[in-house]
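Structure first, then comments.
Coordinate-derived values only; no laboratory data. All figures in this text were calculated on a predicted structure; none of them were measured in a lab. Cβ placement follows ideal geometry from the backbone for every residue including glycine, while neighbour counts extend to all protein chains displayed.
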Amino acid sequence: METSEAPQIRPNEEGADYGSVEVARDAEGQIPEAAPEQPAESLAETPQETPQVDQLKIEQDNEPSDLFSGERRQELYSELQENNWEWSEEHYKEFEGKGLSRQFADEYLAGQRARAEQVLTYCANECGGVDAMQEALNWAAKNLSPQAVEATNAQLRSMDPEVVVTAMRGLQARAGVGLSSVPGSSGEGSINYFADESEFRSAMSDERFDKSPAYRSEVQEKLRRSVERGTVAL
């Protein structure tokens, strides 16, 4: 008979017949105390929790990509360039508001500056070198409206190297400077126009036209100039 009550010795109750039940005694003749019985539910095997799939990952604290939204990361990147790669006191407070130290903020800055150097190197390789880019920037400072300067600078401060290259190519095309990699017969060392449709077709068939946004941008600009000059008809 199951019971949740611990077994114990009771005096004979009236009418009860206990027969010849004997109580075991220890070596000293004492009746040992009965061990308390565990609750029935504790005797059942505890079910093991089944891990969930989304638990099978290593948590990372303060992952830079999770600190700010994509838009805010770009804003910080631009603000650093505008501030000569220095954080303002407001920037430090923004990091501290996320529970991050000033040392972490400085390390984040160093990483962003390294990214900017990589973008600059890539752009220089794609756009004829630093001198050619500076020549286009000097032209823009003298000839573009304040609104156009602001819009172009926003593109040149992008974290995306292809956006920077495309902006610089467009600027060089307007300025008529930069080393051209597109075949043409217009003055070596400048982005100008195609002498005829065969040169245009040759540029279009180049494998870079499908792979390089910067190259496509240059071909399109040369085509525009060629149509204006009448050397290529669309």
Q: Neighbouring Cβ atoms within 10 Å as the yardstick, rank T231, T121 fewest first.
A: T121, T231
Q. Using θ = phi - 60° and the Karplus form 6.51 cos²θ - 1.76 cosθ + 1.60, what ³J(HN,Hα) does each residue of segment 81-90 get, whole Hz, x for Gly and Pro?
A. 5, 5, 9, 6, 6, 9, 7, 8, 4, 5
Q: Would you pull out the residues with amide H under 5 Å of A195's amide H, same chain only if 5 or more places away, H placed 1.01 Å from N?
A: S185
Q: Starting with the highest mean, order 168-174, 211-217 by the number of other Cβ atoms within 10 Å, averaged over the residues of each peptide.
A: 168-174, 211-217
Q. Once you list every other residue whose beta carbon is under 12 Å from the beta carbon of A124, what net charge do they have if Lys and Arg are +1 and Asp and Glu are -1?
A. -3
(Q) Could you sort the peptides 130-142, 88-100 by per-residue average Cβ neighbour count (10 Å cutoff), highest mean leading? (A) 130-142, 88-100
